[in-house]
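One structure is given below, encoded as structure tokens.
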Amino acid sequence: MDPREQLAQRPTFEEAEKGYLALLVELRDTIDAQAPGLEWQADAPSQRSRSVCSAPFDSVEGAENANYSIGRGAKGVVPDERWQATVDAMLVPLREQGFSEVTVLQDEPGAHQVSAGDPATGARVEFGTKAGTVLTLYGACFLPAQGS
């Protein structure tokens, strides 16, 4: 299928962004329920960066992706004994949103990181804890709403 046609079947950039921001709020609340005491550096998630898309969408005019986070993460860490329960709780909303490819990037005492990817779009969420706690969503490629 032509890359532009593929993107035309996806939500608009604005619709996707709204969904991504809502998902980050849900994930932050899930983390807080499992590992209370983290101090998030911002009250709400926001767009951190926006850029043109990579292949196969790099030649589609207007196509963009963006990355999102809640400030620079949180002060404090998810304790080792709460890590797996926190990840398991986060996987419920992630899988509901299509983030089904889970990869453990690091799993050592005091240092954990996991990635959950959406195989349909290439978007992924990374969650980790070491000196602090980070939660980042790397968005997929979308076209803006017409007139944007």
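The values are calculated or read from the model by the stated rules, or taken from the named source; none is laboratory data. On a predicted model such as this, the values are computed, not experimentally measured, just so you know. Heads up, the Cβs are rebuilt from the backbone with ideal geometry, glycines too, and the neighbour counts pull from every protein chain shown. Heads up: the accessible areas ignore ligands, DNA and RNA and are worked out on the full protein's heavy atoms, side chains in. Shrake-Rupley method; radii C 1.70, N 1.55, O 1.52, S 1.80 Å.
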> Do you know which residues across segment 16-35 are open to solvent by 70 Å² or more (accessible area, probe 1.4 Å) and free of Cβ contacts under 8 Å to residues at least 40 places away in the same chain?
Replying inline: Lys18, Asp29
>> Suppose we filter Asp2, Asp32, Asp80 for residues that are more than 13 Å from Leu137 (Cα to Cα) and in contact with a His (Cβ under 8 Å, 6 or more places away or on another chain); which single one remains?
In response: Asp80
> So which strands (runs of 3 or more DSSP E) stay within segment 66-148 end to end and still have 2 or more residues that are open to solvent by 20 Å² or more (accessible area, probe 1.4 Å) and either hydroxyl-bearing (Ser, Thr, Tyr) or closer than 17 Å to Asp29 by Cβ (or both)?
Replying inline: 133-138
> When only residues in segment 99-125 that are under 14 Å from the mean Cα position of the chain (by Cα) and touching a residue at least 24 places away in the same chain (Cβ under 8 Å) count, which is farthest from Pro11 (Cα to Cα)?
Replying inline: Val114
>> The conditions are (1) among the small types (Gly, Ala, Ser); (2) touching a Ser or Thr at 6+ places or on another chain (Cβ under 7 Å); (3) in a helix (DSSP H, G or I), and Ala22 fails exactly one of them. Which is it?
In response: (2)
> What number goes with the only condition from (1) farther than 13 Å from Cys141 by Cα; (2) open to solvent by less than 70 Å² (accessible area, probe 1.4 Å); (3) part of a loop (DSSP other than H, G, I, E, B) that Pro11 does not pass?
Replying inline: (1)
> Just one of the numbered conditions (1) free of Cβ contacts under 8 Å to residues at least 24 places away in the same chain; (2) more than 9 Å from the chain's Cα centre (by Cα) is not true of Lys130; which one?
Replying inline: (1)
>> As an exercise: evaluate Phe57 against (1) of a type outside the set (Val, Ile, Thr); (2) open to solvent by 50 Å² or more (accessible area, probe 1.4 Å); (3) in contact with a helix residue (DSSP H, G or I) (Cβ under 8 Å, 6 or more places away or on another chain); (4) assigned to a loop (DSSP other than H, G, I, E, B) and give the number of the one condition it does not meet.
In response: (2)
